[in-house]
Amino acid sequence: MASKVYPSADAALAGVLRDGMVIMSGGFGLCGIADALITAIRESGVKGLTVISNNAGVDGAGLGVLLESKQIKKMISSYVGENKLFAQQYLAGALELEFNPQGTLAERIRAGGAGIPAFFTKTGIGTVIAEGKEVRDFDGEKYVMERGLFADLAIIHAWKADTEGNLVYRKTARNFNPMMATAAKLTVAEVEHLVPPGDIDPDHIITPGVFVQRIVHVKHPVKRIEQRTTRKRP
Amino acid sequence: MPWTREQMAARAAQELRDGFYVNLGIGIPTLVSNYIPSGMTVQLQSENGMLGMGPFPYEGEEDPDLINAGKQTITELPTTSYFSSADSFAMIRGGHIDLSILGAMQVAENGDLANWMIPGKMVKGMGGAMDLVAGVKKVVVVMEHTAKDEPKLLKRCNLPLTGAGVVDMVITDLGVFAIDKKGHSGMALIELAPGVTFDEIRVKTEASFRLKN
């Protein structure tokens, strides 16, 4: 079997990118994003992208760099408040936007990856989110139908992988990455540590290798902090 | 004297109970963690995938992989667990979280909440707020009583809703209201800030409410 490990982010995306494709991008804010893969997408020049990601990066970092280069046509997100460029492009009509409640977004991705085309949730009942969607009564409560999401490509970040593609995440950098790994035709994982099979305790694996087709080892990724908050030492 | 932000947070902390799992929103709700009564154990949930949230780190010990839902650096505790966003919202939507304390732009007397959008002006998104108010057992709003002298406690919200009939309690700088969100008895004033009169709060409130002892 051919190796899943690719020598660079460019190589890991070679032959995959095309205009108009749908990409899932892991991370919460700038925590747990596949930064090297986002940079490689920027350099490829591919455009007209639909990007599914909880946030849209900040000005100059994360998905913000793909907004800057106007490669994104549409975002499916829950919160984009950190990005001024986003607001400008959206209010100018240059960018489509679909807001999803964060839990609904997470579940749509989980469902899409698990072969579930739709599900019912009470989140959004009585709000604009439920408008135009099927609403059904279960046990005396109203629920709205939401569709599963599936993408052409998922770019995710993990802390450690083995060469089989089994993944472990670190702290809150896990967030959307495990679901997105399951919900695309092709999943590329950017990992900080790459080890031989057997080095990770099988009981500790979060994402089994079946969900990961390509791996790129990025030893010292850039990790930015959006809100550096500290307390005084006693 | 109306309550300060800190006093509002302290009042909200009175809604905590030993053993509660709690989600705190951004702003005044975050301050509630400073007023957890000693001897009481409360686990704080952060919807980006953490239960058992610790305090802010000491300078030099910030970890970019360890943030809360407001993207602030935080720390872990011996009780901490990490999980995916799907598991996080299974906790929230599935009714496993006891209390959600969050801010608001408007609350209506029937428990409707608006806190995510001003059409044509603010393009930020709802984040996890719609899931929290739909799924958490008790929802407490902490907010200023008025915005630029305009009431925020209304008969009906005129901003897009975050949830319909979801708020159980509102704590403002002037007092505390209980809302019967499932029943029909509406909104009741249950507490006044020290020195605030019933007449003052009535003038500054558009929603109709009754007095409850």
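Values quoted throughout were computed directly from the atomic coordinates according to the rules given, and no laboratory measurement underlies them. Owing to the predicted nature of the structure, the values given are computational and were not obtained by experimental measurement. Note that we place each Cβ from the backbone using ideal geometry, even for glycine, and neighbour counts take in every protein chain shown.
So here's what we get for this one:
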read-out	value
Flagged links, alpha-carbon separation over 26 Å, of A:Lys74/A:Lys160; A:Lys74/A:Lys219; A:Lys122/A:Lys160; A:Lys232/B:Lys148; A:Lys160/B:Lys71; A:Lys133/B:Lys182	A:Lys74/A:Lys160; A:Lys74/A:Lys219; A:Lys122/A:Lys160; A:Lys232/B:Lys148
Antiparallel %, DSSP beta bridges [both residues in the stretch A:21-151], to 5	50 percent
Span from the the stretch B:62-88 Cα centroid across to the the stretch B:125-139 one, whole angstrom	19 Å
Sequence of B:Asp98, A:Asp137 once ranked by neighbouring C-beta atoms within 10 Å, starting from the fewest	A:Asp137, B:Asp98
Convex hull volume per residue for the stretch A:114-213, taking Cα atoms only, in Å³	135 Å³
Sites A:Arg147 and A:Ala92 - FRET efficiency at Förster radius 30 Å, r taken between beta-carbons, to 0.05	0.55
Principal-axis tilt of helix A:35-44 within chain A, Cα atoms, nearest 10 degrees	80 degrees
Fewest-first sequence of B:Phe209, B:Phe177 by Cβ atoms within 10 Å of each Cβ	B:Phe209, B:Phe177
Proxy reagent accessibility, fewest Cβ within 10 Å first, across B:Val32, A:Val16	A:Val16, B:Val32
Cα shape, the stretch B:1-134, gyration tensor, a/c 1.5 rule	rounded
Point-to-point label distance, B:Val203-A:Thr163, nm (Cα→Cβ direction, 7 Å offset)	7.8 nm
